[in-house]
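Novice: Just passing along the structure, written as structure tokens.
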Amino acid sequence: MFEIIGPIAAVSFGLLFLTMSVLWWINTKINNAAIVDVGWGNGFALVTVIACLMADGYAVRQWLIGGMVVFWGVRLATHLFIDRVWGDKPEDGRYQDIRARWKTGINLKFFFFFQAQAVLIVLLSLPFMLSASNPDPQIAVLEWVGVGIWAIGLTGEALADYQLRRFKNEGANKGTTCRTGLWHYSRHPNYFFEWVIWVGYYVFALASPFGWLSIISPIGMLYILLRVTGIPLTEAQAVRTRGENYRNYQQTTSMFIPWFRKQLKQNTPGVSKSP
């Protein structure tokens, strides 16, 4: 099994390097680094297709894991493209902040930033490579459990994205914070259910030899979401643009795991309690 993982990773990185280079070039023309987010979701789909083509695993399992990853990756990439790039949208504030902090050599630094995504995609794709390489002609119970967890995560993520997009499309909501639907119970339900999806991938991979090694994927994704480019940059941007409205939201609503809202001990001056 491991003798094929190396070649899969090498071919995947080579194609991802080219893909991210093209996206970086597009970024230099449209001045919108959010295009890298499109490569993120599609990148995992690409690696999984390569793994299924190169590995000599059970075909039904390959179709199953391949379908899960491609469907999730393309859906996510399409959503992010429409939300952050399509229609000559201004660059996401998080990337604007990165440009401001880097000051010099911005294009070169973004090139390495884009390629870092390629490296992460290959590393986090271990569950897909291991599953695609598993020759066992039986789909295990653990794999079906993984599919179920993935389905829950995908449904929650898609619903959170839809609720936020609908909120943003209402002009009267400009400058305010979405507190409806799943956003009533979590400040980042899209990120939470994204992580649930990765737990599903890990559980699916557990049925394959050395599948336990893929624990690096849900742990790595959790770290990225909680400490790196997920919640920290999103919340910093939200506070900059929405001020006390978002600070009120932070005080009453769970950061990550959906949970019941807390009541403020006292009203924040100038900010009314929102349902």
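Just so you know, all these numbers are worked out from the coordinates, no wet-lab data involved. Just so we're clear, the structure is a prediction, and the values are computed from it rather than from any experiment. Don't worry about glycine lacking a Cβ; one is built from the backbone with ideal geometry, like all the others, and counts go over all protein chains shown.
Novice: With the Cα gyration tensor of the chain giving a ≥ b ≥ c as the square roots of its eigenvalues, does the rule (a/c under 1.5 for rounded; else a/b larger than b/c for prolate; else oblate) give rounded, prolate or oblate?
Specialist: oblate
Novice: Another question about this same structure. Using every pair of alpha-carbon atoms in segment 140-275, split the distances into 10 Å bins beginning at 0 and state the percent of pairs per bin, rounded to integers.
Specialist: P(r) over segment 140-275, rounded to whole percents: 12, 35, 30, 15, 6, 1.
Novice: Give me ILE139, ILE50, ILE30 ranked fewest to most by other Cβ atoms within 10 Å of their Cβ, as a rough exposure proxy.
Specialist: Final ranking by Cβ density, sparse to dense: ILE30, ILE139, ILE50.
Novice: I need SER214, SER131 ordered by Cβ neighbour count within 10 Å, fewest first.
Specialist: In increasing order of surrounding Cβ atoms, one gets SER214, SER131.
Novice: Rounded to whole Å, give me the distance from the Cα center of segment 145-205 to that of segment 10-55.
Specialist: Distance between centres, Cα-based: 24 Å.
Novice: How much length would be gained if the chain were fully extended between THR176 and THR28, taking 0.36 nm per residue of separation minus their Cα-Cα distance, in nm to one decimal?
Specialist: That pair, THR176 and THR28, stretches by 50.2 nm at full extension.
Novice: Now for a different question. Of ALA207, GLY175, GLY220, which is farthest along the charge dipole of segment 140-275 in the positive direction, counting Lys and Arg as +1 and Asp and Glu as -1 at C-beta?
Specialist: GLY175
Novice: Filter the cross-link list LYS109/LYS174; LYS89/LYS168; LYS89/LYS174; LYS29/LYS89 down to pairs whose alpha-carbon distance in this structure exceeds 25 Å.
Specialist: The pairs that break the limit, which is 25 Å between Cα atoms, are LYS109/LYS174.
Novice: With +1 on each Lys and Arg Cβ and -1 on each Asp and Glu Cβ, how big is the dipole of segment 87-246 about its Cα centre, in debye rounded to the nearest 20?
Specialist: Dipole magnitude for segment 87-246 comes out near 740 debye.
Novice: So which chymotrypsin sites (Phe, Trp or Tyr not before Pro) in segment 1-87 are both in a DSSP loop and have at most 13 other Cβ atoms within 10 Å of their Cβ?
Specialist: TRP86
Novice: Ratio to report: Rg/Rh of segment 1-136, with Cα atoms as the point set and Rh obtained by the Kirkwood method; give two decimals.
Specialist: Rounded to two decimals, Rg/Rh equals 1.04.
Novice: If R₀ is 41 angstrom, what is the calculated FRET efficiency for the pair ALA151 and LYS103, using the beta carbon separation as r and rounding to 0.05?
Specialist: With a Förster radius of 41 Å, E is 0.35.
Novice: Per residue of the chain, what 222 nm ellipticity follows from adding -39500 (n - 2.57) for every DSSP H run with n ≥ 4, rounded to the nearest 500? Could the numbers behind the result be given before it?
Specialist: Numbers: 11 runs with 189 residues, N = 275.
Helix contribution divided over all residues of the chain: -23000 deg cm²/dmol.
Novice: Enumerate the whole-percent occupancy of each 5 Å bin, from 0 to the last occupied one, for all C-alpha pair distances of segment 1-74.
Specialist: With a bin width of 5 Å, the distribution comes to 3, 17, 22, 20, 17, 10, 6, 3, 1.
Novice: I need the per residue convex hull volume for segment 64-181, using only the alpha carbons, in cubic angstrom as a whole number.
Specialist: That works out to 141 Å³ per residue.
Novice: What is the fewest-to-most order of HIS79, HIS188 by other Cβ atoms lying within 10 Å of their Cβ?
Specialist: Result, fewest neighbours first: HIS79, HIS188.
Novice: Calculate the FRET efficiency for ILE82 and VAL119 from the Cβ-Cβ distance with a Förster distance of 41 Å, rounded to the nearest 0.05.
Specialist: 0.95
Novice: When every alpha-carbon pair in segment 1-44 is counted, what percent end up more than 14 Å apart?
Specialist: Working: 512 of 946 pairs.
Of all Cα-Cα pairs in segment 1-44, 54 percent lie more than 14 Å apart.
Novice: For the pair LEU142/ILE215, report the inter-label distance in nm, with labels modelled 7 Å from Cα in the Cβ direction.
Specialist: 1.2
Novice: Moving on to the next point. Report the full-extension gain for the segment PHE167 to LEU15: residue separation times 0.36 nm, less the Cα-Cα distance, to one decimal in nm.
Specialist: 51.0 nm
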